[in-house]
Amino acid sequence: MEENEIIKSENLVYTKPRLMNDNPMHYCPGCSHGVIHKLIAEVVEELGLEEKTIGISPVGCAVFAYNYIDIDWIEAAHGRAPAIATAVKRLNPSKMVFTYQGDGDLAAIGTAETIHAANRGENIVIIFVNNAIYGMTGGQMAPTTLEGMPTSTCPYGRNIALNGYPLKISNLLAQLDGTCLVTRQSVQNAAAVKKAKKALKKAFENAMNGKGTSVVEFVSTCSSGWKMTPEKANKWMEENMFPFYPLGDLKNID
């Protein structure tokens, strides 16, 4: 290695994204939200969209996203983020508008808003954090809870005959003509984080280029709700969540 190359490599410093503020995060140890926040901040900054980005955060663990990323935010009622995002983007077509939602918000109370916004092809990004449980309100069964997976409202595990099947809502969204990108990612290791950032950047570019709705699902852990250590939760996710919610693109139209 040449001397100038050594100097350049020594000057590379891993730093917190400029758009991430100094507020202490309230998320539980091992939670995926903090990493996803960081990726959003990096992508917004790298695309030069700091003054154009508007995030919509509804109810759930994601509700305090506005407290950590220094962009414009709007608070939405539970499940209504895609409807709010639709209005914001149509009134401000030059803005980069995204929602940040959990599985209980997006795939339960907000199912109608999610499906119809995507079916219309609104030029927004829907960021979907799927940890298969209601993390904020006590660990109840969510639409995405796996068969046999215990929660506070199905302590013996999800029973298909009683509770129905887990909802693969991203698969449904991929079938709609209005979506241009539907992808599943994760952030449990460095390689996954790198892929997730690439997917987020593509989604943001799609929205700004008027290609339709992009959906980025993050298959995630909930150490507190699952009653596991962060290490065990990551392993459980890899062994149980990934087979049912496989990672990768479900739809990607260039």
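The values are calculated or read from the model by the stated rules, or taken from the named source; none is laboratory data. Predicted model, so just to flag it, every value in this text is computed and none were measured. Cβ coordinates were reconstructed from backbone atoms using ideal geometry, including for glycine residues, and neighbour counts include every protein chain displayed.
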Let me confirm something: among Val187, Val193, which residue is within 26 Å of Pro29 (Cβ to Cβ), at pLDDT 95 or above, in a loop (DSSP other than H, G, I, E, B) and not small (Gly, Ala, Ser)? Val187
Taking the criterion of being surrounded by fewer than 20 Cβ atoms within 10 Å (Cβ to Cβ), within 19 Å of Asp103 (Cα to Cα), within 15 Å of the chain's Cα centre (by Cα) and not aromatic (Phe, Trp, Tyr), would at least one residue in the stretch 56-79 satisfy it? yes
Would you be able to say whether some residue in the stretch 107-123 is assigned to a strand (DSSP E or B), under 11 Å from Val215 (Cβ atoms) and not hydroxyl-bearing (Ser, Thr, Tyr)? no
Scan the stretch 127-168 for residues that are surrounded by 13 or more Cβ atoms within 10 Å (Cβ to Cβ) and part of a helix (DSSP H, G or I) and jot them down. Asn163
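When residues of the stretch 101-116 are filtered for being farther than 16 Å from Ser57 by Cβ, touching a residue at least 40 places away in the same chain (Cβ under 8 Å) and not hydroxyl-bearing (Ser, Thr, Tyr), how many remain? Working first, answer last.
Going residue by residue through the stretch 101-116, those that are farther than 16 Å from Ser57 by Cβ are 107-108, 111-112, 115-116.
Then keep just the ones that are touching a residue at least 40 places away in the same chain (Cβ under 8 Å); that gives 107, 111, 115.
Next, only the ones that are not hydroxyl-bearing (Ser, Thr, Tyr) stay: 107, 115.
Here the count works out to 2.
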Out of the stretch 111-126, which residues are crowded, with 24+ Cβ neighbours inside 10 Å and closer than 16 Å to Lys168 by Cβ? Thr114, Ala118, Ile126
Restricting the search to the stretch 162-195, which residues are hydrophobic (A, V, I, L, M, F, W, C), within 12 Å of the chain's Cα centre (by Cα) and farther than 27 Å from Asn92 by Cβ? Val187
Evaluate the stretch 90-100: report whether one residue or more is surrounded by fewer than 24 Cβ atoms within 10 Å (Cβ to Cβ) and within 17 Å of the chain's Cα centre (by Cα). no
Select from the stretch 137-149 the residues that are of a type outside the set (Ser, Thr, Tyr) and out of contact with any strand residue (DSSP E or B) (no Cβ under 8 Å at 6 or more places or on another chain) and write down the one among them that is farthest from His33 (Cα to Cα). Pro143
Please specify each residue of the stretch 183-227 satisfying the condition of being hydroxyl-bearing (Ser, Thr, Tyr) and in contact with a Phe, Trp or Tyr (Cβ under 9 Å, 6 or more places away or on another chain). Ser186, Ser214, Thr221
So which of Val44, Val35 ends up being outside any loop (DSSP other than H, G, I, E, B) and in contact with an Asp or Glu (Cβ under 8 Å, 6 or more places away or on another chain)? Val44
Unique match (being closer than 22 Å to Lys16 by Cα and modelled with pLDDT of 95 or more) among Lys52, Lys89: Lys52
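How many residues, within the stretch 203-234, are outside any loop (DSSP other than H, G, I, E, B) and over 21 Å from Ala81 (Cα atoms)?
Looking only at that region, the number is 9.
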